Amino acid sequence: MARKLAAGNWKMNGTTAALAEVAALTAAIEAETCEVLLCPPATLISRMADMAQGSGLMIGGQTCHPNGSGAHTGDISAAMLTDAGASHVILGHSERRADHGETDEDVAAQTAAATGEGLIAIVCVGETEAERDAGVTLNVVSTQLAGSVPEGTDLAKLVIAYEPVWAIGTGRTPTLEQIAEVHDHMRAELTERFGQGAHNIPLLYGGSVKQSNAAEIFAVSNVDGALVGGASLKAADFSGIVSALSGA
Ligand code: PEP
């Protein structure tokens, strides 16, 4: 059985004032049994990690460079994330793939760097609306999975997030059957490649998850949690999703 994880992606949102949400969240999740993670902008990681110490909350980054250091203006390395107090990092989010041209090869290199530094890599995959309409969703997900997760990855440091691009920030979600189809497919592909240990890899669904749809999504086969954008910004909203996962 994979462990359950509720992960929040704050994207490019949040300054010092938003730290009040972290205080509220740590209090709200005290009795919850699932893992809870927030991935704020890099500027907040260190302060959030300090605040989260001793609570059930973990802190992560939103990307990392494959290299450990060097002339890469504006980038952040895996070692810098761990040094700031991060335990996880989101990699290959569709916004990184679209805005920064990140390829599966880039994501694989980032994954190797992150896991090599001891971070847990949350590798994102998912089809565009045109790809779903063309009936190639499973092919796209297979290609991204195969290309973004390098050989020899330590499975204990791997999480996969299925995020249909058309469901991110749109309020639209796939049907529960469509989510099950992709998650069952990912589990089968990972098991074929990595063996029975792949049953322990948490498979997250992401794309317009909110308190009102969380419970039904968490009841879907092979869904072990969620990667949440907009609804992770407010402790009151995110803690409802965390509760739904703990109770699933
Ligand atoms: C995301 O950014 O990964 C995401 C799923 O966003 P939202 O929950 O806002 O759709």
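The values are calculated or read from the model by the stated rules, or taken from the named source; none is laboratory data. These figures come from a predicted structure and were not determined experimentally. Note: ideal-geometry Cβ built from the backbone for every residue, glycine included; neighbour counts use all protein chains shown.
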Output for region 79-111, where each listed residue is among the aliphatic types (A, V, I, L, M), more than 16 Å from the ligand (Cβ to nearest atom) and not in a helix (DSSP H, G or I): 86
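Residues checked against (1) closer than 28 Å to residue 153 by Cα; (2) of a type outside the set (Ser, Thr, Tyr); (3) within 16 Å of the ligand (Cβ to nearest atom); (4) over 18 Å from the mean Cα position of the chain (by Cα):
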| position | (1), (2), (3), (4) |
| --- | --- |
| 169 | no, yes, yes, no |
| 173 | no, no, yes, no |
| 179 | yes, yes, yes, no |
| 194 | yes, yes, no, yes |
| 197 | yes, yes, no, yes |
| 210 | no, yes, yes, no |
| 224 | yes, yes, yes, no |
| 234 | no, yes, yes, no |
| 238 | no, yes, yes, no |
Please verify whether residue 56 is without any contact (Cβ under 8 Å) to a residue 24 or more places away in the chain and more than 28 Å from residue 131 (Cβ to Cβ), treating the condition exactly as stated. no
Sole residue being within 15 Å of the chain's Cα centre (by Cα), modelled with pLDDT of 95 or more, more than 20 Å from residue 226 (Cβ to Cβ) and away from the ligand (no atom under 16 Å from the Cβ), chosen from 34, 64: 64
Kindly provide the set of residues from region 112-128 that are assigned to a helix (DSSP H, G or I) and out of contact with any Pro (no Cβ under 8 Å at 6 or more places or on another chain), ordered by number. 114, 115, 116
Within region 181-195, is there a residue that is buried (at least 19 other Cβ atoms within 10 Å of the Cβ) and outside any helix (DSSP H, G or I)? no
Cβ contacts < 7 Å: first residue closer than 21 Å to residue 165 by Cβ and without any contact (Cβ under 8 Å) to a residue 60 or more places away in the chain, restricted to region 196-208; second residue of a type in the set (Val, Ile, Thr) and assigned to a loop (DSSP other than H, G, I, E, B), any location; separation 6+ or different chain. Result? 205/223; 208/170; 208/173
If you check residue 125 against the conditions, is it modelled with pLDDT of 95 or more, surrounded by 16 or more Cβ atoms within 10 Å (Cβ to Cβ) and under 14 Å from the mean Cα position of the chain (by Cα)? yes
